[in-house]
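Have a look at the structure below before the remarks.
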C-alpha cells in the first residue's frame with residue numbers, strides 16, 4: 001500500500017476533565033452513524049480541570065447535527081491524515097523531511113497496528129499542511145530499512 005496523505009477536518013470540543021466525558025461526547029455522533037477513524041482525548045495542558053476531545057470524520061447532516069449537540073465544532077487547526085504500510089525509518093524520514101522544509105509540526109499522533117501505520121499531523125497554517133503533503137509522500141517513498 002502506498003502512503004496516502006489527505007487533509008482532514010478534525011472536530012473538537014473542550015469538556016470537564018471527568019469520568020464519562022469522552023463517552024458522552026462521542027455518543028451522539030456515533031448513534032447518528034459516525035464511523036470514526038480518529039478519536040483523540042487528552043487533558044488540557046493549561047487547565048487540568050479541562051480536557052480536549054477531537055474526532056474525524058464528521059460528515060452528513062445527521063452526524064453534523066449530532067456532533068453539534070455534543071459540543072463538537074470543526075477545528076481551525078490544519079491537519080493531515082497519513083496512512084500506509086509501516087517500515088523502519090519511515091517516521092524519522094518523514095519528520096526530517098518536514099523539518100528540512102522549514103515546516104513546524106503543531107502536533108503528531110501516530111500508531112502502528114500489525115503492518116499498517118496511521119498518523120494525524122497538525123500544522124500551524126493551511127499553507128504548511130498543503131506544502132507538507134508532497135514532502136511526506138516523497139519522504140515515505142524514499143525511506144528504506
State whether the residues of segment 116-130 include one that is loosely packed, with under 13 Cβ neighbours inside 10 Å, touching a residue at least 12 places away in the same chain (Cβ under 8 Å) and within 15 Å of residue 4 (Cα to Cα). yes
Tell me yes or no: at least one residue of segment 57-64 is in a helix (DSSP H, G or I), free of Cβ contacts under 8 Å to residues at least 60 places away in the same chain, buried (at least 19 other Cβ atoms within 10 Å of the Cβ) and in contact with a helix residue (DSSP H, G or I) (Cβ under 6 Å, 6 or more places away or on another chain). yes
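Does residue 81 satisfy the criteria of being at pLDDT 95 or above and assigned by TED's automatic domain parsing to the domain that holds residue 118?
Working: at pLDDT 95 or above: yes; assigned by TED's automatic domain parsing to the domain that holds residue 118: yes.
Taking the combined requirement at face value, the residue satisfies it.
Condition test on residue 48, is it under 14 Å from the mean Cα position of the chain (by Cα) and surrounded by fewer than 18 Cβ atoms within 10 Å (Cβ to Cβ)? So that I can check it myself, show each step before the final result.
Details: under 14 Å from the mean Cα position of the chain (by Cα): no; surrounded by fewer than 18 Cβ atoms within 10 Å (Cβ to Cβ): yes.
No: the conditions fail for residue 48.
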When the residues of segment 24-44 are narrowed to those that are part of a loop (DSSP other than H, G, I, E, B) and in contact with a strand residue (DSSP E or B) (Cβ under 9 Å, 6 or more places away or on another chain), which ends up farthest from residue 118 (Cα to Cα)? 44
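The values are calculated or read from the model by the stated rules, or taken from the named source; none is laboratory data. Source: prediction; values computed, not measured. For neighbour counting, all protein chains shown are included, and Cβ atoms are generated from backbone atoms with ideal geometry for every residue, glycine included.
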